[in-house]
Amino acid sequence: MHNAFWPEHVGRHLTLPATSLHDNLAVSARRYPEKAALIFYGTEVSYARLHDEVERVAGWLTRQGVAPRDRVLLYLQNSPQFVVGYYAILRAGAVVVPVNPMSLRSELAHYARDSDARIAIAGQELREEVLPLLYNLLEHVLIAAYCDYLGEAEYA
């Protein structure tokens, strides 16, 4: 049905690049290091900074034993930390398991069990829900503070 309205001069198929999301971020960081990748309550996060922080968190995940295809819970509000965590999990070769930040401890425990996740990245306001699962279902939890991106000076 939609083909009747498709412009004749536009192809009907996409050629997808053979690159990963992380590869695309790395290219953007090289090409546009000072350009804003994210803006969070007026604070600009450059591509260079975003890439650097993704690499650091991915390194932390790897040091905690995250291997390709492992699952990592991402239990955060919409924030720069969500973006960093998402890309870092992919960079480590793992699978992102996004969890609604309105989920309670029992729901979070279900997601951890169901996905076999051993690690979580969570917002500081969610620590009461996630920390009781530490050393029980989860081996490691990285807690993020949203204020880290509010009104700070230029990242060096």
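The values are calculated or read from the model by the stated rules, or taken from the named source; none is laboratory data. It should be emphasised that the depicted structure is a prediction, and the values quoted were computed from it without experimental measurement. Heads up, the Cβs are rebuilt from the backbone with ideal geometry, glycines too, and the neighbour counts pull from every protein chain shown. Please note that ligands, DNA and RNA were not included when accessible areas were found on the heavy atoms of the full protein model with its side chains. Shrake-Rupley method; radii C 1.70, N 1.55, O 1.52, S 1.80 Å.
When ligands, DNA and RNA are left out and all protein chains stay put, how many square angstrom of accessible area per residue does the chain have with a 1.4 Å probe?
Computed with neighbouring chains in place, this is 63 Å² per residue.
Scan the chain and hand back the longest stretch that contains none of the trypsin sites (Lys or Arg not before Pro) lying in DSSP loops with at most 14 other Cβ atoms within 10 Å.
The answer is 70-156.
Can you check what the Kirkwood hydrodynamic radius comes to for the stretch 83-156, Cα pairs only, in Å to one decimal?
About 13.4 Å, per the Kirkwood formula over Cα pairs.
With a Cα-only, solvent-free Debye model of the stretch 1-124, what are the log10 I(q)/I(0) values at q = 0.15 Å⁻¹?
-0.78
Using a 10 angstrom cutoff on alpha carbons, build the Gaussian network for the chain and name the most mobile of Leu137, Leu21, Leu61.
Among Leu137, Leu21, Leu61, the largest GNM mean-square fluctuation belongs to Leu21.
Computed on alpha carbon atoms, what radius of gyration and Dmax characterise the stretch 53-122, expressed in Å?
11.2, 31
By the gyration tensor of its Cα atoms, with a ≥ b ≥ c the square roots of the eigenvalues, what is the shape of the stretch 1-65: rounded for a/c under 1.5, prolate for a/b over b/c, or oblate?
Judged from the Cα gyration tensor, the stretch 1-65 comes out prolate (a/c at least 1.5, a/b above b/c).
Please compute the net charge surrounding Asp114, taking Lys and Arg as +1 and Asp and Glu as -1 over other residues with Cβ under 15 Å from its Cβ.
So the environment of Asp114 carries a net charge of +1.
If I model a spin label at Leu16 and Arg69 as a point 7 Å from the Cα along the Cα→Cβ vector, what separation in nanometres do I get?
Label-label distance for Leu16 and Arg69, simple model: 1.9 nm.
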